[in-house]
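Nothing in this text is a laboratory measurement; each read-out follows from the coordinates by a stated rule. Note that the coordinates shown come from a computational prediction; the quantities given were computed from them, not determined experimentally. Reconstructed Cβ throughout: ideal geometry from the backbone, glycine too, with neighbour counts over all protein chains shown.
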Amino acid sequence: MKEFLRVDGTDEDDTITALMDAAVQHCTDYTGRHFTAGDGVSFFLERWRSASLAFGPVTQINSVAYYDTAGDLQTLATSKYYHDSFVNGATRIHFHDVPDLQTYNSTPIEIDCDCGEAASPNIKHAVRMLTAHWYENRRAVITATPNEMPMGVQALLNPERIVDLQQ
């Protein structure tokens, strides 16, 4: 990264690391993808329904837990749900023959998954571009000519986005 920024020495290492972390988080949020394989993620539902899982790609569903009518935590049998994975990384989970849920619980269902994949060259370059942009424009307000976010970042990230058109 320091070569991309044309930085010598170690004085700026902490700043560069923080900017890179922020750039990775921005790319994760924008695309809906996790870039660390095996990240544990939990999704919450308010009722039994087919749902798209917000981040992806989902590599494995570990468990589906729910609060029954008595308020006790239960684990749903794997035979009572299945999931579809799509080419773009989106995942939908479907349920059948499900038990009643606890009343007055806003999120009685928790889906525990593993997500993540290696970052593509597009993502890596978008992180470099964002880090460089933020490194060169460190202030929230610039009194000179404003420098917008590079349009190339959006062009690199758009093909990587998980967009669910079924919701």
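Observations on the model:
- Inter-probe distance in nm under a simple model that places probes 7 Å from Cα toward Cβ, at M151 and E46: 4.0
- Angle in degrees between helix 13-31 and the longest Cα principal axis of the chain, rounded to the nearest 10: 50
- A simple spin-label model places pseudo-atoms 7 Å from Cα toward Cβ; at K2 and D21 they are separated by 1.9 nm.
- FRET efficiency estimate (nearest 0.05) - Cβ-Cβ, D14 to T59, R0 41 angstrom: 0.80
- Angle of helix 121-136 to the longest C-alpha principal axis of the chain, folded into 0 to 90 degrees and rounded to 10: 50°.
- Cβ-Cβ FRET estimate between S85 and N105, R0 fixed at 41 Å, reported to 0.05: 0.90
- Shown here: the chain, whose C-alpha atoms stretch 61, 31, 29 Å along the first, second and third principal axes, sorted largest to smallest.
- Descending Cα extents along the principal axes, the stretch 39-115, whole Å: 39, 23, 17
- Packing, as the average of other Cβ atoms within 10 Å across residues, places the peptides 126-138, 7-19 in the order 126-138, 7-19, highest first.
- Using the Cβ-Cβ distance between N158 and T78 with R0 set to 45 Å, the FRET efficiency works out to roughly 0.80.
- In the chain, the DSSP-assigned H stretches of four residues or longer account for a calculated mean residue ellipticity at 222 nm of -8500 deg cm²/dmol, using -39500 (n - 2.57) per stretch and the full residue count as denominator.
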